[in-house]
1. Step by step: first the residues of the stretch 99-110, then only those that are surrounded by 15 or more Cβ atoms within 10 Å (Cβ to Cβ) and out of contact with any Gly (no Cβ under 8 Å at 6 or more places or on another chain), then the one that is farthest from N38 (Cα to Cα). Which residue is that?
2. Could you list, in sequence order, all residues of the stretch 21-42 that are of a type in the set (S, T, Y) and either in contact (Cβ under 8 Å) with a residue 40 or more places away in the chain or surrounded by 16 or more Cβ atoms within 10 Å (Cβ to Cβ) (or both)?
3. Looking only at the stretch 133-190, count how many residues are closer than 20 Å to L218 by Cβ and among the small types (G, A, S).
4. Among all residue pairs at least 6 apart or on different chains, which show Cβ distances below 7 Å where the first residue, located in the stretch 209-220, is of a type in the set (K, R) and the second is at pLDDT 90 or above and surrounded by 15 or more Cβ atoms within 10 Å (Cβ to Cβ)?
5. Would you confirm whether any residue within the stretch 249-263 is more than 15 Å from the chain's Cα centre (by Cα) and surrounded by fewer than 18 Cβ atoms within 10 Å (Cβ to Cβ)?
6. Only strands (runs of 3 or more DSSP E) wholly contained in the stretch 32-111 count here; list those with 3 or more residues that are more than 11 Å from the ligand (Cβ to nearest atom) and modelled with pLDDT of 95 or more.
7. Can you find even one residue in the stretch 115-129 that is within 16 Å of the ligand (Cβ to nearest atom) and closer than 15 Å to F19 by Cβ?
8. Which pairs turn up if I take residues in the stretch 54-68 that are touching a residue at least 60 places away in the same chain (Cβ under 8 Å) and look for partners that are assigned to a loop (DSSP other than H, G, I, E, B) and within 8 Å of the ligand (Cβ to nearest atom) with beta carbon separation below 8 Å, at least 6 apart in sequence or on another chain?
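The values are calculated or read from the model by the stated rules, or taken from the named source; none is laboratory data. The shown structure was predicted, so the numbers you read here are calculated from the model rather than taken from an experiment. When we count neighbours, we look across all protein chains shown, and the Cβ atoms used for this are built from the backbone with ideal geometry, even at glycine.
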Amino acid sequence: MEGSTQKAEEKPRKTFAEFLESTPPGVMEEIADLFSPNQFGSWFVSQPDVQLHCWSETCQGERFFHCPSDLKGVGSSRFANIFLVYRCRNCRQKAKQYALLVCQHDGVNKRSGEAIKFGEIPSFGPHIPSRVISLIGPNREFFLQGRRAENHGLGIGAFAYYRRVVENQKGRVIREIGKVAKKLGASEDVLKQFETAAQEDQFSKAIDDIKDTIPRGLLIDGHNPLKLLHSALSEGMHAQTDEECLQIAGDIRIVLTELADRISQVLKDESELKQAVGRLLNRGTDNPSK
Ligand SMILES: [Zn+2]
């Protein structure tokens, strides 16, 4: 049933849902199921459900979004500029909007076509957990710029932004790690080492100062996360190509995200545990029969 002779078949094709979820603006893609016919045989732009991160208070995770807008046709020109507004099926509060150019293929397979995004709101890219944003604090905007550059495959740009973030915020990151050490019962001496390292200008010296005192729970695959960041920064400085920089930029983002996750996990566990103990103790006194 799918077309057999179109040149569209030579390129890998995405489904329209995959395109909406994962293709950045400005990239033209071949799409297998861009159009669907109605009962009278007229063709309209498909409106498949898509899976996106929903940032509403109730959802905070991957959810299905649907598009309740009117169907859009392309007419005889086979081109159309369209807006699609998607809404979260779960909370019905959050919406994602796409502006697109769509083009229907001529010939046998009217289902397929090409599409390019002019843009989308909220902007394209995987969700950035708030834990990362709070870890890097004042350099939030640089981090988001790095993410945008990464989304567009601009490796040198992405690396430069992330490098700025790590270099500017290394003291803050070390203090956060110190907080974890404190929660886990580190001695005053060890906490002083963290404070000294946080004030150290030279990153490698700071890392050395606290290399034996980083809580084990923060090691990433057995490695000191600060060392991983430091070696990514030095590697990036010597990287020759945009592709190499892009890969290193991605590594820096992943390590920062993982570190932020682990820090918040330890700090949260501790506060949850305290609350649980508090509740148990209170129950014990309020209701001794239980
Ligand atoms: Zn939702």
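1. L100
2. Taking the stretch 21-42 as the starting set, the residues that turn out to be of a type in the set (S, T, Y) are 22-23, 36, 42.
Across the stretch 21-42, the qualifying residues are T23, S36.
3. Residues in the stretch 133-190 being closer than 20 Å to L218 by Cβ and among the small types (G, A, S): 8 in total.
4. Listed pairs, sorted by first residue: K211/N224.
5. Within the stretch 249-263, the first condition is being more than 15 Å from the chain's Cα centre (by Cα), and the residues that meet it are 262-263.
From the residues that got through so far, the ones that are surrounded by fewer than 18 Cβ atoms within 10 Å (Cβ to Cβ) too are none.
Scanning the stretch 249-263 turns up no residue that is more than 15 Å from the chain's Cα centre (by Cα) and surrounded by fewer than 18 Cβ atoms within 10 Å (Cβ to Cβ).
6. Working: elements: 35-37, 43-45, 50-54, 61-66, 79-88, 95-104.
By residue number, 79-88, 95-104.
7. No, there is no match, as no residue in the stretch 115-129 is within 16 Å of the ligand (Cβ to nearest atom) and closer than 15 Å to F19 by Cβ.
8. Final answer for the pair search is W55/K94.
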